[in-house]
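Following this message is one structure expressed as structure tokens.
What follows is calculated from the coordinates using simple rules that are stated; it is not laboratory data. Since this is a predicted model, take the numbers as computed values, not measurements. All Cβ positions, glycine included, derive from the backbone under ideal geometry; neighbour counts span all protein chains shown.
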Amino acid sequence: MAIVNRGFVGRRDRDAGRLPPGQYRTFDFPVLSAEPTPTVPLDTWTLTVQSSDHRAHTWDWAQFQALPHEEIVTDIHCVTRWSKFETRWRGVSFDTIMSRLPWPGDTHVMVHCHGGYTTNVALTDLVSGRGWVADTFDGEPLPAEHGGPARLLVPHLYFWKSAKWVRRLRFMSSDTPGFWESRGYHMHGDPWTEQRYS
Ligand SMILES: Nc1nc2c(c(=O)[nH]1)N[C@H]1C(S)=C(S)[C@@H](COP(=O)(O)O)O[C@H]1N2
Ligand SMILES: [Mo]
């Protein structure tokens, strides 16, 4: 009985401290989209990165696939209070993207999506292994409803920052609100300090 009890407590301990305040754990994968799911054919897909002084670089799908990819296993947290543990992705890190484009001076990124959604993220939240452009979920090409062909993955911030159907990364020299941020949501969005609204 003591052994069974220890095992139970052990399992609880492993997940304890993993749920940010005000969140509950879900085992399915909810779809949250402000717009209809766009169809983005791979043969016309591009990702453009643009600096505030108008330098730009564009990858097509084949060029993007040729960039080094990493596997990411992470918990994700939606501001509508669901959290999902141990999600498994593959993607290109912002460290890799930035190493191709050293643009000192820019501090923030406006992420632009097919369909018009935008969100602002500080560069410090994207580099050092904290942000990716992901194209694989659970070993499969990222499903369209979850942002395929490619989406942002910034799992240490509320999941609205992980913009789906990303097409353009517009680097900025100051912070400007995106779609939800201009509707009252927080500019930063840290789930651990409940930065839900500004
Ligand atoms: N383009 C786009 N990206 C988006 C959204 C959206 O409406 N449009 N919703 C955000 C929100 S609020 C959340 S919680 C996650 C949901 O991702 P999922 O549908 O894959 O669970 O996507 C984020 N990225
Ligand atoms: Mo969300």
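What nm distance separates the two modelled labels at Ser52 and Leu67, each placed 7 Å from Cα along Cα→Cβ?
Label at Ser52, label at Leu67, 2.1 nm between them.
Search the structure for amide H atoms under 5 Å from the amide H of Gln195, placed 1.01 Å from N in the peptide plane, and list their residues when 5 or more places away or on another chain.
Under 5 Å from the amide H of Gln195 lie the amide H atoms of Asp190, each far enough along the sequence or on another chain.
Okay, moving on. Taking every pair of alpha-carbon atoms in the range 48-104, what share in percent sits in each 10 Å bin, from 0 to the bin with the longest distance?
For the range 48-104, the binned pair fractions read 19, 36, 29, 16 percent.
Round to a whole angstrom and tell me the spacing of the C-alpha centers of the range 164-198 and the range 86-106.
For the range 164-198 versus the range 86-106, the Cα centre distance is 18 Å.
Here is a follow-up. Taking N as the number of residues in the chain, what is its alpha-carbon radius of gyration divided by 2.2 N^0.38 Å?
1.08
Ok, one more. By the scheme Lys and Arg +1, Asp and Glu -1, what is the net charge of all other residues having a beta-carbon under 13 Å from that of Phe179?
+1
Now a separate question. For Lys164, Lys84, what's the fewest-to-most ordering of other Cβ within 10 Å of each Cβ?
Going from sparsest to densest Cβ surroundings: Lys84, Lys164.
Enter the angle in degrees (range 0 to 90, nearest 10) between the Cα long axis of helix 2-15 and the first principal axis of the Cα atoms of the chain, meaning the one along which they spread out most.
20 degrees
Given points 7 Å out from each Cα along the Cα-Cβ axis, report the Ala122 to Ser182 separation in nanometres with one decimal.
The modelled label-to-label distance comes out at 2.2 nm.
Suppose each label sits 7 Å from its Cα in the direction of the beta carbon; what would the Ser99-Thr193 distance come out to in nanometres?
3.1 nm
Another one. Mind listing the phi-derived Karplus ³J(HN,Hα) values for the range 25-42, rounded to whole Hz, using 6.51, -1.76 and 1.60 with θ = phi - 60°, and x for any glycine or proline?
Result, rounded to whole Hz: 8, 10, 10, 8, 10, x, 9, 10, 9, 7, 9, x, 5, x, 9, 10, x, 5.
Three principal axis extents, largest first, for the C-alpha atoms of the range 95-197, in Å?
Computed over the Cα atoms, the extents are 35, 32, 27 Å.
Taking H placed 1.01 Å from N in the peptide plane, check which residues at least 5 places from Leu142 or on another chain put their amide H under 5 Å from its amide H.
Long-range HN contacts for Leu142: Thr136, Phe137.
Find the relative contact order for the chain and round it to a whole percent, using C-alpha pairs within less than 8 Å whose residues are 6+ positions apart.
Result for the chain is 23 percent.
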